[in-house]
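The values are calculated or read from the model by the stated rules, or taken from the named source; none is laboratory data. From a predicted model like this one, the values you see are computed outputs, not experimental measurements. As a convention, Cβ positions derive from the backbone with ideal geometry for all residues, glycine included, and neighbour counts pool all protein chains shown. Surface accessibility is based on the protein's heavy atoms, side chains included, excluding ligands, DNA and RNA. Shrake-Rupley method; radii C 1.70, N 1.55, O 1.52, S 1.80 Å.
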Amino acid sequence: MAEPLAAAALPEPAKLFLDTPLYEVFTIPNSDKGKGSVLTLVWGDVAFDAHCIHCGSHSPFKTAMRTYRAHDADQAVKIGFFDHTVECQRNKAHKYRYFFKTANMTLTKIGQWPSLEDVAGADIEKYRPLLKKHFGELKRATGLASHGIGIGSFVYLRRIFERLIWQHHDELPAPIEGFSGLRMDEKIGELKAVLPPALVKHKATYAILSKGLHELDEQTCLKYFPVVRAAIIQILEQDFRAREARLADETLAREIAAIHGELKVGQDAVRSVE
């Protein structure tokens, strides 16, 4: 069993609100300043873009309400529990609410509405045709992670990630010799010509996908969950754009063929009259 990871540094509000599963623990620094500080969460205003499940589209969100007002980090930490509500700027009746706990100079997100699965699930709907019957696995992984179930969520993500990697390998003109025996980061390196550049650049991060489940723990899986999920979204987005371009080309080709056919019929009709 891997050793549990130490509490991570507190991320920016957008990442904390939108990408971080429940119950992941973050360290509050002694000098708590800046946009990623707990003081900002308790007292300040935050702003980010996110998918609004009510509007059905991407929208700016800004702070609407905070439970407490604290004027320094020590006071913020002593509060213990607080919440932060943001509202859609297209329709301020559309609100997202987040609940936090502070203890021993750490912060944990302990609840949110709508759920991480609801927000993320709506935003990835366009990838359903690409994942087909496996689309539910991506939503299920997000749902499990949002409830602090790290290993279970990671199993689904690893399955999807591996399937996408093999799919891109199988679409190559010729197979890569010994591909099945490579570690995940090595497979990514071999597929650098057909995978998103950012994924290839940070391929070492995905070596964790080669570890056995017995080597992982809940906290480690939750730590890597946003990174692996983001990589999957990158691959799907690249494939989605390629699919949209291909469909646009096919539509244009059909329209040109139809116009050509109409012109040919018109020309044949003219000749028959002559």
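The figure for ASP118 is an accessible area of roughly 80 square angstrom, using a 1.4 Å probe on the protein chains alone. About its Cα centre, the chain has a charge dipole of approximately 580 debye under the convention of +1 per Lys or Arg Cβ and -1 per Asp or Glu Cβ, with nothing else charged. Rolling a 1.4 Å probe over the heavy atoms of the protein chains gives the chain an accessible area of 54 Å² per residue.
Computed across the range 155-248, the Kirkwood hydrodynamic radius from all distinct Cα-Cα pairs reaches 14.0 Å. Going through [x] 94, 52, 29; [y] 56, 43, 37; [z] 55, 38, 37, the figure that equals Cα extents along the principal axes in Å as computed for the structure here is [x]. The length gained by stretching the chain between ARG243 and ILE256 to full extension, at 0.36 nm per residue less their Cα-Cα distance, is 2.7 nm. Think of it as helices only: each DSSP H run of n ≥ 4 in the chain is worth -39500 (n - 2.57), and spread over all residues that comes to -15000 deg cm²/dmol at 222 nm. By the rule of a C-alpha distance below 30 Å, with chain neighbours fewer than 8 residues away ignored, the lysines paired with LYS211 are LYS15, LYS109, LYS132, LYS133, LYS139, LYS187, LYS192, LYS201, LYS203, LYS223.
Comparing GLU117, GLU24, GLU262 in a Gaussian network model of the chain (Cα springs below 10 Å), the most mobile by mean-square fluctuation is GLU262. Among ALA231, LEU10, TRP43, whose Cα lies farthest out toward the positive end of the dipole of the chain, if unit charges sit on the beta carbon of Lys, Arg (+1) and Asp, Glu (-1)? Result: TRP43.
Give the calculated FRET efficiency between THR27 and GLU171 to the nearest 0.05, with a Förster radius of 45 Å applied to their Cβ-Cβ distance.
0.55
For the range 92-145, what does the alpha-carbon gyration tensor say about shape, rounded, prolate or oblate, given a ≥ b ≥ c as the root eigenvalues, a/c under 1.5 as rounded, and a/b over b/c as prolate? Oblate is the answer for the range 92-145, as a/c is 1.5 or above yet b/c matches or exceeds a/b.
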